[in-house]
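What follows is a set of notes on a single structure, which appears directly below.
The values are calculated or read from the model by the stated rules, or taken from the named source; none is laboratory data. The model shown is predicted, which means the values in this text are computed figures rather than measured ones. Heads up, the Cβs are rebuilt from the backbone with ideal geometry, glycines too, and the neighbour counts pull from every protein chain shown.
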């Protein structure tokens with residue numbers, strides 16, 4: 001044991017701290033790149049570039065001068081090809097790095113919601129109403145990464161988040177229903193916006209354009225999205241390129257609040273969801289009681305009318 005420790009100490013004398021830091025930084029960069037490209041089309045494109053490199057080495061070994069000449073001239077354009085092919089992954093990596101290393105002058109981070117939580121309820125109520133009517137909807141919520149490019153592609157509104165406004169926008173008889181609605185700084189920034197579709201080959205073919213656009217914008221930024229299926233009326237929530245489906249009102253509200261207020265603990269979010277479910281049950285019980293009361297009253301009136309007749 002003593003000899004092993006002596007060898008470790010002897011080896012450490014030849015290792016400088018800057019070398020250790022250098023290796024750690026490279027390891028972190030490789031890990032982040034692999035994590036970003038995992039499950040995307042970038043894997044297949046990287047394999048294709050690797051095959052081209054292997055073909056070049058094989059041409060050298062076999063003495064294929066013409067193939068070498070073609071590949072050497074093609075190398076001049078490899079840098080541009082990498083930027084074009086991996087533009088989404090590069091943008092996602094830079095966005096991820098900017099979020100983790102945000103500087104004081106780079107913009108304010110999300111803090112306490114100055115408008116309270118009322119707009120969460122407006123969104124949830126609108127989503128459940130649209131779902132019950134099987135009316136398609138796509139609502140995007142901006143977080144730290146700005147969505148100005150997508151806002152400018154639609155119709156600017158700058159209106160307060162309101163149930164009536166949300167339901168009206170996605171009414172199939174209005175010209176603004178086709179496209180996405182973007183909520184920025186707790187206000188409806190724009191409607192009828194165009195979003196990028198995801199290119200993830202692992203996405204189910206059952207998902208339509210609305211769901212693919214929601215996944216695409218959450219891959220391209222840190223935004224989150226609420227989707228209502230026009231075919232099934234199912235409510236879904238997209239975040240970080242992942243989709244959570246078959247949501248009810250309280251669960252949807254919890255996901256929105258967790259995304260917009262990440263400082264809240266998991267236990268606090270679960271408590272708020274339980275309170276929301278209890279309130280929903282009370283409302284349903286009250287509505288059922290009123291319906292029974294109205295039914296009894298109408299039944300009594302019909303009996304009196306029959307007796308008088």
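Computed quantities for the displayed model
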| quantity | calculated |
| --- | --- |
| Residue within segment 143-152 that is in the same structural domain as residue 237 (by TED's automatic domain parsing), on the phi > 0 side of the Ramachandran plot, surrounded by fewer than 20 Cβ atoms within 10 Å (Cβ to Cβ) and not in a strand (DSSP E or B) present | no |
| Failed item in (1) surrounded by 16 or more Cβ atoms within 10 Å (Cβ to Cβ); (2) at pLDDT 85 or above; (3) out of contact with any helix residue (DSSP H, G or I) (no Cβ under 9 Å at 6 or more places or on another chain), with residue 119 passing the rest | (2) |
| Meets criteria (surrounded by 18 or more Cβ atoms within 10 Å (Cβ to Cβ), free of Cβ contacts under 8 Å to residues at least 40 places away in the same chain and either in contact with a helix residue (DSSP H, G or I) (Cβ under 7 Å, 6 or more places away or on another chain) or over 21 Å from residue 119 (Cβ atoms) (or both)) for residue 159 | no |
| Tally of residues being within 26 Å of residue 118 (Cα to Cα), surrounded by 14 or more Cβ atoms within 10 Å (Cβ to Cβ) and in contact with a helix residue (DSSP H, G or I) (Cβ under 8 Å, 6 or more places away or on another chain) across segment 165-217 | 17 |
| Segment 128-142 - residue that is assigned to a loop (DSSP other than H, G, I, E, B) and on the phi < 0 side of the Ramachandran plot and, of those, surrounded by the fewest Cβ atoms within 10 Å (Cβ to Cβ) | 133 |
